[in-house]
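S.K.: Handing you this structure, nothing more for now.
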Amino acid sequence: MSSKVTAAALLGAGAYTATSTIQAFVAPGQSAAPQEQHQQQQVRRLRAQGAPTEEPASSAALATGAFGIVALSVATGRKRSQRTTKIANRATAVATNVETDCINAIRFLAVDAINKSKSGHPGAPMGQAPIGYLLFAEEMNFNPADADWINRDRFVLSSGHGCMLQYAVLHLTGYSSVSMEDIKQFRQWGSKTPGHPENFETAGIEVTTGPLGMGISNAVGLAAAEAHNAAVYNKPGLPLIDHYTYCIMGDGCMQEGISHESCAYAGHLGLGKLITFWDDNGITIDGHTELSFTEDVGKRFEAYGWQVLEVKDGNTDVAAIRKAIADAKACTDKPTLIKVKTIIGYGSPNKADSHDAHGAPLGADEAQATRDQLGWKYGEFEVPGAVYDVFKGRGAAGAKTQEAWNTLWSEYQKKEPELAKQFQRIAIDKKLPDGFEAALPKATPEDQGKATRLWSQDCINAIANIMPEFVGGSADLAPSNMTLMKCSGDFLKGSYEGRNFRFGIREFGMGAVSNALSMDRTGLVPYCATFTIFSDYMRNAIRLSALAQAGTIFVTTHDSIAVGEDGPTHQPIETIPSLRMIPDLKVVRPADANETSGAYAIAVERSKLHSMPTFLACTRQALPNLPNSSIENTKKGAYAVVECADPEIILIGTGSEVGVCVDAAKEMSGKKVRVVSMPCWELFREQPASYQEQLLPKGTPKMSVEAAVTMGWQEWADAMVGINVFGASAPGGTCMDKFGFNVPNVVACAQKCLAGERGVLSDGSQGKH
């Protein structure tokens, strides 16, 4: 072939030999044939779009980026240029084409934004840019105009410190939530580009990441939500739910214990639509990972039940990453880990492959040197139009994919009307079913009392019968937490339609997975359960649920020293008061049947309607049903159980101690005593000041009684009965008695309060021996 072949440059590029360009995007040892087929498909697509093209003389005569044809001038007989291998921090300076421009645009938006803010982590986005390019320019289905489209692919940046990668691709693909001005205002007050990804701040961000390992654990939850919804709703020819969850994680994520828990769980479940990239750059803050991290991660994940693939050059071998993604999709019964070997700060002549590129700006001089090294001829925050065309082209394709899904949804409603009606309420309208609150158990003081964990079980099963979106489970404590739904099977590999999640002894992973079930935004209402004391294992997941607006219901039992014989390791003392310090978390400690139903009414409404979390603390021991308790009163946060006009003293209790206060009031003959149950401080704070003053008038002595540390009670009470010491191993009733939660001690302390004594009147120290 002696003639030159020219293809119209849809997206703009220089002229290069086709063979050398093709070689640049084919992994070593890989045939060019798949790449040629990819190019031919591009030509056919361009013709369909009306783009002018000339017939290539051979299939090897065209080299393309993601969506465009690079202008080529090909002479026969020209030798293929060989890719030059560089070491460590040296980038390969090759002639710019549209694909390279797309990748470098991500890198330099990150470099420039971080330099301008004088704060951030440039190294990760510089190394991860080829992955980000492939996902957002080729692989993922999403619609920038509708960030919450139900069947979108999900993306999680677990290494959240590298968030400029995510902001860059959101901007380039056309999300209005990330403008160029927002890029320039990275990490500044009021911008949509905070220092770590925040789903409540920036449209297009699925989950809030930053605490290492949290993101990959959320990704497991998102993939589990997809598997469950697909199993429930998909019918032959009607794949209503069919999408992937992609995640990029770093060396730090790999080391955090939460990732071990959640990734082992994902492998056990066989979540085949979870595709995770390990950015294996070998650098953490301390330096090279050989200092502390030397296990064979691939073998570990294979042992978990994952498919493990490897890309040896994640800096330039785009074709190898593309092939790994295809191989990951081909494996449908296992999640996939793609180990991508990258250089942190790729392209930086003096800082790449070192911790210097991890957590500090490159600086102006090094940024220019990096531009020179990578052949990036554009100025700060300058992006060529061809790059926008590629990324926005993928967004436009996603919009068409959503249109096709809308057509499928219309067909689904005709062929599966009952399931469609259910899906409409649950996933689209996100409404509670009619009669939800009426279905919850009710009781009177004459009814037999029982442990609030047993009332909790009744509530869970009442809700499960009318809310198919109610899903959850326990950290291997279902028989103790009483959290099994009797109307459903288990969520396991091969039975994803089941709603009982068997999380195993993985509290932290359980919390993160449950958060993601809510943040999937398909209307699921998740709960997870453990002993109250072991909520400490998932403390950060609880905190993130409140911050990231996840509607997780944290069900805990064995809420005090009344746990008994298991002793102080299992007896929460400081746990509940410390959880009350978390902003936007509602902590409910119910005292009887009606308060437990009220707690679930609060929790489910907050989850379903507001996507906010609730923490429940239930008893192991039986409690009497109280006068005046109701769902309505529980929603007030506090109310009078025993009322009287013009009280001389008010006893305030929570949970199991409310009954003790009621009995103590009966013993205080001749005194006017009001007994208040305060199941939820946070809800009581939200009540009108007039109601608060009516219930707890400022001039009346008030004494709190709670089997927990007394911290915080000064907000409501003048005097406190609590336990500021660790518990002991003995029968639960004995522990309660010895540490002062008995009628005689409460009466004695109330008398002191009436006599003017204030502060902590009983701290449990009398029980130490």
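S.K.: Quick check on this structure: which one of ALA664, ALA638, ALA708 is crowded, with 22+ Cβ neighbours inside 10 Å and in contact with a Gly (Cβ under 7 Å, 6 or more places away or on another chain)?
M.R.: After applying the criteria, what remains is ALA708.
S.K.: Quick check: anything in segment 445-460 of a type in the set (Val, Ile, Thr) and closer than 24 Å to LEU271 by Cβ?
M.R.: no
S.K.: Considering only residues of segment 119-168 that are among the aromatic types (Phe, Trp, Tyr) and assigned to a helix (DSSP H, G or I), which is farthest from the chain's Cα centre (by Cα)?
M.R.: Narrowing segment 119-168 to residues among the aromatic types (Phe, Trp, Tyr): 133, 136, 142, 149, 155, 167.
Still in the running and assigned to a helix (DSSP H, G or I): 133, 136, 167.
On the way: TYR133: 23, PHE136: 20, TYR167: 18 Å.
Among them, the one singled out is TYR133.
S.K.: Counting residues that are without any contact (Cβ under 8 Å) to a residue 40 or more places away in the chain and within 42 Å of the chain's Cα centre (by Cα), which strands (runs of 3 or more DSSP E) fully inside segment 658-755 reach at least 1?
M.R.: The strands (runs of 3 or more DSSP E) meeting that bar are 673-677.
S.K.: A further question on this structure: Of the numbered conditions (1) surrounded by fewer than 19 Cβ atoms within 10 Å (Cβ to Cβ); (2) assigned to a loop (DSSP other than H, G, I, E, B), GLN368 satisfies every one except a single condition; which is it?
M.R.: Failed condition: (2).
S.K.: Filter segment 385-415 down to residues that are open to solvent by 70 Å² or more (accessible area, probe 1.4 Å) and without any contact (Cβ under 8 Å) to a residue 40 or more places away in the chain and give me whichever is nearest to GLN166 (Cα to Cα).
M.R.: LYS400
S.K.: Test GLU295 against the stated conditions and say whether it is within 25 Å of the chain's Cα centre (by Cα), without any contact (Cβ under 8 Å) to a residue 12 or more places away in the chain and open to solvent by 30 Å² or more (accessible area, probe 1.4 Å).
M.R.: The answer is no for GLU295.
S.K.: Let me ask another. Quick check, is LEU172 in a helix (DSSP H, G or I) and either among the hydroxyl-bearing types (Ser, Thr, Tyr) or in contact (Cβ under 8 Å) with a residue 60 or more places away in the chain (or both)?
M.R.: When the stated conditions are applied, LEU172 passes them.
S.K.: Have a look at SER560, SER578 and point out the one that is small (Gly, Ala, Ser), open to solvent by 10 Å² or more (accessible area, probe 1.4 Å) and more than 21 Å from the chain's Cα centre (by Cα).
M.R.: Going through SER560, SER578 in turn, the sole match is SER578.
S.K.: Still on this structure, I have one more. Going by what's in this entry, would GLU310 be described as open to solvent by 30 Å² or more (accessible area, probe 1.4 Å), within 17 Å of ASN104 (Cβ to Cβ), of a type outside the set (A, V, I, L, M) and not in a helix (DSSP H, G or I)?
M.R.: no
S.K.: Restricting attention to segment 169-189, report how many residues are small (Gly, Ala, Ser) and more than 23 Å from the chain's Cα centre (by Cα).
M.R.: So the count comes out to 2.
S.K.: I'm told LYS421 meets every condition in (1) in contact (Cβ under 8 Å) with a residue 60 or more places away in the chain; (2) assigned to a helix (DSSP H, G or I); (3) out of contact with any Cys (no Cβ under 8 Å at 6 or more places or on another chain) except one. Can you identify the failing condition by its number?
M.R.: (1)
S.K.: Among (1) within 18 Å of SER480 (Cα to Cα); (2) of a type outside the set (Phe, Trp, Tyr); (3) in contact with a strand residue (DSSP E or B) (Cβ under 7 Å, 6 or more places away or on another chain); (4) outside any loop (DSSP other than H, G, I, E, B), where does ILE576 come up short?
M.R.: Only one criterion in (1) within 18 Å of SER480 (Cα to Cα); (2) of a type outside the set (Phe, Trp, Tyr); (3) in contact with a strand residue (DSSP E or B) (Cβ under 7 Å, 6 or more places away or on another chain); (4) outside any loop (DSSP other than H, G, I, E, B) is unmet by ILE576, namely (1).
S.K.: Just to confirm my filter: which helices (runs of 4 or more DSSP H) fall fully inside segment 436-552 and include at least 3 residues that are closer than 30 Å to TYR246 by Cα and either over 18 Å from the mean Cα position of the chain (by Cα) or among the polar types (S, T, N, Q) (or both)? Walk me through it before giving the result.
M.R.: On the way: elements: 452-466, 478-481, 507-519, 539-547.
Result: 507-519.
S.K.: Something else now. Return the pairs, sorted by first residue and then second, in which the second residue is part of a helix (DSSP H, G or I) and at pLDDT below 95, the first residue lies in segment 431-455 and is of a type in the set (Val, Ile, Thr) and buried (at least 18 other Cβ atoms within 10 Å of the Cβ), the beta carbons are less than 8 Å apart, and the residues are 6+ apart or on different chains.
M.R.: If the second residue must be part of a helix (DSSP H, G or I) and at pLDDT below 95, no pairs are left.
S.K.: Is it the case that ALA364 is out of contact with any Leu (no Cβ under 9 Å at 6 or more places or on another chain), within 24 Å of TRP278 (Cβ to Cβ) and modelled with pLDDT of 95 or more?
M.R.: On the way: out of contact with any Leu (no Cβ under 9 Å at 6 or more places or on another chain): yes; within 24 Å of TRP278 (Cβ to Cβ): no; modelled with pLDDT of 95 or more: yes.
So ALA364 does not fit the description; no.
S.K.: What are the residues in segment 424-453 that are farther than 21 Å from ASN633 by Cβ and among the aliphatic types (A, V, I, L, M), if any?
M.R.: Selection gives ILE426, ALA427, ILE428.
S.K.: Turning to a different aspect of this structure: Please go through segment 623-635 and pick out each residue that is assigned to a helix (DSSP H, G or I) and buried (at least 22 other Cβ atoms within 10 Å of the Cβ).
M.R.: Within segment 623-635, THR634 is the sole residue that qualifies.
S.K.: In the set ARG620, ARG606, which member is in contact (Cβ under 8 Å) with a residue 24 or more places away in the chain, outside any helix (DSSP H, G or I) and either closer than 26 Å to ASN461 by Cβ or open to solvent by less than 20 Å² (accessible area, probe 1.4 Å) (or both)?
M.R.: None of the others qualify; the one that does is ARG620.
S.K.: Something else about it: Return yes or no: is ILE466 open to solvent by 40 Å² or more (accessible area, probe 1.4 Å) and either touching a Leu at 6+ places or on another chain (Cβ under 8 Å) or touching a residue at least 12 places away in the same chain (Cβ under 8 Å) (or both)? I'd like the intermediate steps shown before the answer.
M.R.: Values: open to solvent by 40 Å² or more (accessible area, probe 1.4 Å): yes; either touching a Leu at 6+ places or on another chain (Cβ under 8 Å) or touching a residue at least 12 places away in the same chain (Cβ under 8 Å) (or both): yes.
Criteria met by ILE466.
S.K.: Still on this model: Scan segment 592-599 and tell me whether some residue there is closer than 17 Å to GLY511 by Cβ, of a type outside the set (Phe, Trp, Tyr), open to solvent by less than 10 Å² (accessible area, probe 1.4 Å) and touching a strand residue (DSSP E or B) at 6+ places or on another chain (Cβ under 7 Å).
M.R.: No: segment 592-599 contains no residue that is closer than 17 Å to GLY511 by Cβ, of a type outside the set (Phe, Trp, Tyr), open to solvent by less than 10 Å² (accessible area, probe 1.4 Å) and touching a strand residue (DSSP E or B) at 6+ places or on another chain (Cβ under 7 Å).
S.K.: Do you know which of the residues in segment 313-348 that are assigned to a loop (DSSP other than H, G, I, E, B) and open to solvent by 40 Å² or more (accessible area, probe 1.4 Å) is farthest from PRO130 (Cα to Cα)? Working first, answer last.
M.R.: Residues of segment 313-348 that are assigned to a loop (DSSP other than H, G, I, E, B), as a first pass: 313-317, 331-335, 342-348.
Remaining after also requiring open to solvent by 40 Å² or more (accessible area, probe 1.4 Å): 313, 332-334.
Details: ASP313: 10, THR332: 24, ASP333: 27, LYS334: 24 Å.
In this case the residue turns out to be ASP333.
The values are calculated or read from the model by the stated rules, or taken from the named source; none is laboratory data. What you are looking at is a predicted structure, and each value in this text was computed from that prediction instead of being measured. A quick note on method: Cβ atoms are made from the backbone with ideal geometry, for glycine too, and the neighbour counts reach across all protein chains shown. Side chains are part of the model used for accessible areas, which takes the heavy atoms of the whole protein and leaves out ligands, DNA and RNA. Shrake-Rupley method; radii C 1.70, N 1.55, O 1.52, S 1.80 Å.
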